[in-house]
Ligand code: ASP
């Protein structure tokens, strides 16, 4: 029998409306199971670990990412796959973080949740839960896992976690991955896009739970002031994600470029990603970004904001020498970007 380890962290999936107040309150995992009687007809052995108390995903921290990674490590050899029930709001951050922390993964780690509580008649939770379980247990003919990576399953689609962001808080189709193909699509049949799925590593799982949140974000907008830029660049942050325009462009104003150059000379790491959700940073394509390349800004290519945040936190936590850290940052280590 396929053995799946289920971690229930919280989120809307396990909520029920308190009729007296109208506020959503958490369910236990047993109450979730009662709402999915189909599970009893499925051939899985589920081991369940429920957070106590269960939490809204807005309260998930890097310490909780470490707890999840450790739970997966401790139960790795005895299970075929992992299912993490998690609130959708920060799911893309947690799942991206896990994709970096779980090094040498050869089993599926599937995150799912829902937009409507599992107790509601029109809920999207049941389908998400049941199909995510099926995908977590899928095997190739030789017995290896068919999806040996960290993914998000939502509304009929499985995405690579570190390519995904939450884009809609009102539709069941809450997530998108515009820069990387859907890995699995569930309709009448479950269709696996095997060519897009990472190949299972035959190495041993190594789990890295130490991450550093010592990062900052500089989101550019026309009219941004030197004071605001200074506030971010002169902070203690070791690395700064610069959310730039279009293909990674910034103003060419000398007050701005001088400040960036000085920050890099003083040891700051600046990672250039785009405010556009589709497409990639192309450093050097316009004059507005060629100077950035010359001064040592790092190209973030088509990385999501969520992947940029969690990759930097992960790499800073590894305590690499600076040149190694920069090389890892500029290399796709878990399929998180495509070079153009
Ligand atoms: N606020 C909830 C959470 O992220 C929303 C959800 O689960 O979809 O925990």
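Quick notes on this one:
- Condition met for residue 197 (surrounded by 12 or more Cβ atoms within 10 Å (Cβ to Cβ) and either touching a strand residue (DSSP E or B) at 6+ places or on another chain (Cβ under 7 Å) or within 30 Å of residue 104 (Cβ to Cβ) (or both)): yes
- The residues of the range 98-125 that are in a helix (DSSP H, G or I) and away from the ligand (no atom under 15 Å from the Cβ), listed by number, are 98, 99, 100, 101.
- Those residues of the range 176-214 which are assigned to a strand (DSSP E or B) and within 27 Å of residue 73 (Cα to Cα), in sequence order: 184, 192, 206, 207
- Filtering the range 124-166 to residues that are in contact (Cβ under 8 Å) with a residue 60 or more places away in the chain and closer than 14 Å to residue 85 by Cβ leaves 125, 126, 128, 129, 130, 133, 136, 152, 154.
- Total residues in the range 43-65, condition surrounded by fewer than 16 Cβ atoms within 10 Å (Cβ to Cβ), away from the ligand (no atom under 13 Å from the Cβ) and not in a strand (DSSP E or B): 4
- So residue 32, is it over 30 Å from residue 314 (Cβ atoms) and either outside any strand (DSSP E or B) or within 12 Å of the ligand (Cβ to nearest atom) (or both): yes
- Those residues of the range 66-85 which are away from the ligand (no atom under 12 Å from the Cβ), in contact (Cβ under 8 Å) with a residue 12 or more places away in the chain and not in a loop (DSSP other than H, G, I, E, B), in sequence order: 66, 68, 69, 70, 71, 72, 73, 81, 82, 83, 84
- Looking across the range 1-52, just one residue is without any contact (Cβ under 8 Å) to a residue 40 or more places away in the chain and within 13 Å of residue 87 (Cβ to Cβ), and that is 26.
- Test: residue in the range 266-273 that is surrounded by fewer than 17 Cβ atoms within 10 Å (Cβ to Cβ) and not in a strand (DSSP E or B): yes
- Among the residues here, residue 88 qualifies as buried (at least 22 other Cβ atoms within 10 Å of the Cβ), outside any helix (DSSP H, G or I) and within 15 Å of the ligand (Cβ to nearest atom).
We did not get these values from a lab; they are worked out from the coordinates using the rules stated. Every value quoted in this text rests on a predicted model; they were computed, and no experiment measured them. Because the Cβ atoms are built from the backbone with ideal geometry, glycine has one as well, and the counts that use them run over all protein chains shown.
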